[in-house]
Amino acid sequence: MTNHMDQMDIEHTQSVDMMLNMGPQHPSTHGVFRMLLRIDGEVVVDAEPHIGYLHRGSEKLCEGEQYHQVVTLFDRLDYISNFNNEWVFCRAVEKLMGVEVPQRAEYIRVILAELNRIASHLLFLGTFGLDAGAMTPVMFAFRARERIQGFFEAVSGARMMHNYFHIGGVKEDVPHNFNDLLSSLLLDLRKDVEECDRLLSFNEVFVARTKGVGEIDLETALDYGWTGPSLRACGLEYDVRKAEPYSIYNLFEFEVPVARDGDCWDRYYVRVLEMYESLSIIEQAFSGIPDGPVMALGRRLIRPPKGDVYVRAENPRGEIGVYLVSDGTDKPYRVKVRPPSFCSLSALRHLVRDTYIADAVVILGSLDIVLGEVDR
Amino acid sequence: MLGSIKGMLVTLVSTFRKPVTDQYPNKPRQVEPRYMGFPALTWDHSVGEPYCTACMVCIRQCPTQCMTATMKDNPLHKEEKSSRRKIVDVFEINLNRCILCGICVEVCNFDAIVMSHEYEHSGYERNGDRVALDGLLEMGTTYQKKTNWVPPSELKKALKDDLALKKATD
């Protein structure tokens, strides 16, 4: 009797897709990001990303602040790579005003921004390991990142929200023990990066979890507007530092690491290789740092002429662009930010379709998004 | 297999390393000399009054509008003990709003405000971190004592004199 009933049930049942809500408070979403996954068993049928939980209206806030105050807002866009963000806004205003930044300031900026790139990639390495199920690398990566943060504190006075790059240079000259601090930091850092690399990159379990997962071809990546390491993992050698050298990047010799397959492991390994390149840039800049002033403008109100300007730069996450419109007053008329992680995130739906839920977490981690920049 | 073994070796080696973690509340964090903690007001020990004249520069330049101040006539100036004609009467900083950017210190013309080394401020009330003049001065004097603070304008003057001397000898 019971057997007969079971058979009846099976005949009349049909499978219905289940909705799974991931986020906004989920350890793998790297911030407040929500994904609505439609799943069929373990397989993701469709995904709907929800953003905006960290929306602070940064672009609008910029219109109400004076130029030197806007730098503090840019610190908080991509809060993992603050120096890079400050730099791109300062460059936009400098370009509009036609200000020549002193050489020493440029060298300091390059050193700090590249260190920030390493710090950002280290954070990526640690958290990506966590996403793939490796608990140990995050400890090593944060140990190394903490060294960089400590160095930033010694130079700028803050570990994360520095407000150190000013329009026309940097806030003040580096501390007197800068050379000792940096040379010891570089020694430690190279060891740490190598250690993290050895720990995770070629671990069989990690490779199995990431190789061939979340593949994207170059055409699609370009269509989604990908830039930075994620695009280079697809095989295109495009780096703003090489394609349109800004500041003093044309003085340094460095490679642009490129991968071929465009899967999660490639996106990971391009970033690891980039850390070595950044270290080499820092070493070159450190050996050639000149003496002199660090500020081109005096202490006066910044009032750029009427006009608009677009400036782009290579952030750890990709190409950041700032479109700045000035109406001749002491406050910007409009500031538009083109964030790299927003473009990477837009491909998420395409990437996570027909993968497992566990892989969706890995794919999201491999995009290396910062929600502060996505939502603005 | 090789990759895993390499990774295991790293963990094995690091097992014998000294831990880098500090047990925070028991062992307070040593901050760098340039560390930017909460803003505080400095005390002029030579006269016995605050440096601040409530000129409102920092208040106008603050990106978050976290400060307020009012000015009064300086009683010590009438007695010819002080060169400051006006002096701060009320000063309040809402430390919950402050974003520790250090712009107030940069724009101050009177060496009156510093980024102190205080970082432990938390409370149970929404506006529990509003610090008034006496609290700010207390934070400031602690900072001055701890770092042997010299007014930045005097430092700048000394540097200028040095340069002038060098030029003269050349």
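The angle between the Cα long axis of helix A:103-132 and the longest principal axis of the Cα atoms of chain A comes to about 10 degrees, rounded to the nearest 10.
Heavy-atom accessible area for A:Asp78, with the other protein chains in place and a 1.4 Å probe, reaches approximately 0 Å².
Pop the C-beta distance of B:Trp149 and A:Glu146 into the FRET formula with R0 = 30 Å and round what comes out to the nearest 0.05.
0.60
Which residues make up the longest stretch of chain B that has no chymotrypsin sites (Phe, Trp or Tyr not before Pro) in a DSSP loop with at most 10 other Cβ atoms within 10 Å? Longest gap between qualifying sites, sites excluded: B:17-123. Measuring nothing but protein heavy atoms, the accessible surface of region A:240-348 at 1.4 Å probe radius is 51 percent carbon and sulfur.
Average 1/r across all pairs of distinct alpha carbons in region A:55-375, invert it, and you get the Kirkwood radius: 20.0 Å.
Total accessible area buried between chains A and B, 1.4 Å probe, in Å² to the nearest 100?
2500
Largest first, the extents of the alpha carbon coordinates of region A:179-249 on the three principal axes equal 47, 40, 13 Å.
The shape of region B:1-58 can be summarised by an equivalent ellipsoid whose semi-axes, obtained from the alpha carbon gyration tensor, come to 52, 15, 8 Å from longest to shortest. The angle between the Cα long axis of helix B:133-147 and the longest principal axis of the Cα atoms of chain B comes to about 60 degrees, rounded to the nearest 10.
Within the listed set A:Ile51, A:Ile363, A:Ile111, the residue fluctuating most in the Gaussian network model of chain A (springs between alpha-carbon atoms under 10 angstrom) is A:Ile51.
Pairs of Lys residues in chain A are counted when their Cα atoms are under 24 angstrom apart and they lie 8 or more places apart or on different chains; the count is 13. In straight-distance terms, cross-link reach from B:Lys157 covers every one of the lysines whose alpha-carbon lies under 16 Å from its own, apart from those fewer than eight places away in the same chain; here that gives B:Lys166, B:Lys167. The trypsin sites (Lys or Arg not before Pro) found in region B:107-170 that occupy coil by DSSP, while having at most 10 further C-beta atoms within 10 Å, are B:Arg126.
Measuring gaps between exposed loop sites in chain A (GluC sites (Glu not before Pro); DSSP loop; at most 12 other Cβ atoms within 10 Å), the longest gap, sites not included, is A:101-236.
Quick check: from the Cα gyration tensor, does region B:106-170 come out rounded (a/c under 1.5), prolate or oblate? Judged from the Cα gyration tensor, region B:106-170 comes out prolate (a/c at least 1.5, a/b above b/c). Neighbours of A:Asn85 by Cβ distance under 9 Å: Lys/Arg scored +1, Asp/Glu scored -1, total -3. According to the Kirkwood relation over distinct C-alpha pairs, the hydrodynamic radius of region B:28-146 is 14.7 Å. A helix-only calculation puts chain B at -10500 deg cm²/dmol for mean residue ellipticity at 222 nm, using -39500 (n - 2.57) for each DSSP H run of at least four residues, averaged over all residues.
Accessible surface for the protein assembly as shown, divided over its residues, is 48 Å² per residue with a 1.4 Å probe.
Modelled this way, with points 7 Å down the Cα-to-C-beta line, the labels at B:Asn127 and B:His45 are 3.6 nm from one another. If one takes the longest principal axis of the Cα atoms in chain A, at what angle in degrees, from 0 to 90 and to the nearest 10, does the Cα axis of helix A:357-366 lie? Tilt of helix A:357-366: around 10 degrees. If you look at the Cα atoms of the protein assembly as shown, you get an Rg and a Dmax of 26.7, 113 Å. Each stretch of four or more DSSP H residues adds -39500 (n - 2.57); spread over every residue of chain A, this sum gives -15500 deg cm²/dmol at 222 nm.
The values are calculated or read from the model by the stated rules, or taken from the named source; none is laboratory data. Predicted model, so just to flag it, every value in this text is computed and none were measured. Because the Cβ atoms are built from the backbone with ideal geometry, glycine has one as well, and the counts that use them run over all protein chains shown. The accessibility values were calculated without ligands, DNA or RNA, using every heavy atom of the protein model including side chains. Shrake-Rupley method; radii C 1.70, N 1.55, O 1.52, S 1.80 Å.
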